[in-house]
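Here's the structure, in structure tokens; my notes come after.
The values are calculated or read from the model by the stated rules, or taken from the named source; none is laboratory data. If you're wondering where the values come from, they're calculated on a predicted model, not measured in any experiment. Every residue, glycine among them, receives a Cβ derived from its backbone with ideal geometry; neighbour counts consider all protein chains shown. Ligands, DNA and RNA are stripped out before the accessible areas are found, and what is left, the full protein with its side chains, is counted by its heavy atoms. Shrake-Rupley method; radii C 1.70, N 1.55, O 1.52, S 1.80 Å.
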Amino acid sequence: MKPNTISKLGHSALRFVLALGLACIWLARATAADTEYKLVRIEPASQSIRVRLPLTDVSGKVRPKERTPDGYGEPLAPTKTALGPKHYLEWQIGYDTREADAPNVVKEIQFVRKGETKFGAELSKMLVDALRLGVISTNDLLRERDRLAKLSEATLEEREGITTEKTPLELKSGTLPDGFTRWTQKVPQFLRETEHGWIQIQLKPRQRAVGNQAMVYVCIPMTRVLTADGKPRAPGPARTKETVFYEFTKANAGFLLDIVRAFAIASKQHNEDMGQILGRIVDNGPARKL
Ligand code: ADE
């Protein structure tokens, strides 16, 4: 091959690699923008903490559901359901992360769990922002911290269990095929209902391990969520990628502290984590470092 043919080939290859690189960057940006709505965003405002929640991420940490008498709720298709008074958002709220650069991280809240460094996030950020804005006080946090030891004496994960009972069929429901018996599992659920929303603690079998784990969910009625301009959201189906807002103010600061208390009674580990997080917040002071 002649040298200038080789050089032409080299230039084409370079152009191709460059174009491919640019396409990858564009795709990565487009994908990130596409899923940004799924992020829970904690946004401090002048006298409130605004939490942005996704309305249509049916398999994520914030799921739209219909209320059911058993309290577990029924998942629904948000864009096909007129979301209104019967519906709520079930938020599996977090309080820590392994990644220092994850969304809603407070890098100054660092603690070690089982040898691993954790950073405060989500609920931790809500508490830090709420304290800074005067939505809650240092005394509120000190009071919660003082309660932890008492609450850790009887935590649900350690005390409660899923029970299994033999439950014969009632006569009128017919009989089972020969050789089969009927068993039913009972899973306890714990509810803290308030006028602002409710908190659920559910026991679930641990993934990849034995025993159960206590899961904490914050449940927010659709009647309490706001649109971006701060007005109540009118009932109706969700728009694609719609997000809504929930505000913590002085009026519902107790609900924020209820979440801390729910973790404190959920398990010994959660209780200990709350102790570490509250300790870091009150020891650092509201406006100084955090
Ligand atoms: N760990 C962090 N957040 C949790 C939650 N909401 N439920 C159970 N464990 C958790």
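Some points to look at:
- Most tightly packed first, judged by the mean number of other beta-carbon atoms within 10 Å of their residues, the peptides 112-121, 140-149, 53-62 read 53-62, 140-149, 112-121.
- Across the accessible surface of the chain, with the other protein chains kept in place and a 1.4 Å probe, carbon and sulfur atoms take up 55 percent.
- Multiplying the residue separation of ALA82 and GLN185 by 0.36 nm and subtracting their alpha-carbon distance yields 33.7 nm.
- Cα-based reach from LYS204 at 12 Å (exclusive), listing aspartates and glutamates while leaving out same-chain residues under 8 positions away: GLU157, GLU160
- The shape of the chain can be summarised by an equivalent ellipsoid whose semi-axes, obtained from the alpha carbon gyration tensor, come to 40, 30, 23 Å from longest to shortest.
- Binned Cα-Cα distance frequencies in segment 138-243 - 5 Å width, integer %: 2, 8, 10, 12, 13, 12, 12, 12, 9, 5, 3, 2, 0
- FRET E, pair ALA102, MET215, Förster distance 22 Å, beta-carbon r, rounded to 0.05: 0.65
- Rounded tilt (10° steps) of 3-35 against the dominant C-alpha axis of the chain: 30 degrees
- These residues, ARG98, ARG208, ARG192, go from largest to smallest accessible area, 1.4 Å probe, as ARG208, ARG98, ARG192.
- Calculated accessible area for segment 39-289 comes out at 53 Å² per residue, all protein chains present (probe 1.4 Å; ligands, DNA, RNA ignored).
- Rel. contact order, % - alpha carbon contacts under 8 angstrom, at least six apart, segment 39-289: 26 percent
- Distance violations [Cα-Cα > 28 Å] among LYS61/LYS166; LYS125/LYS241; LYS65/LYS118; LYS61/LYS118: LYS61/LYS166; LYS65/LYS118
- Across segment 45-89, Cα-Cα distances exceeding 15 Å account for 47% of all pairs.
- Nitroxide proxy distance, nm - points 7 Å out along Cα→Cβ at LYS114 and THR194: 3.0 nm
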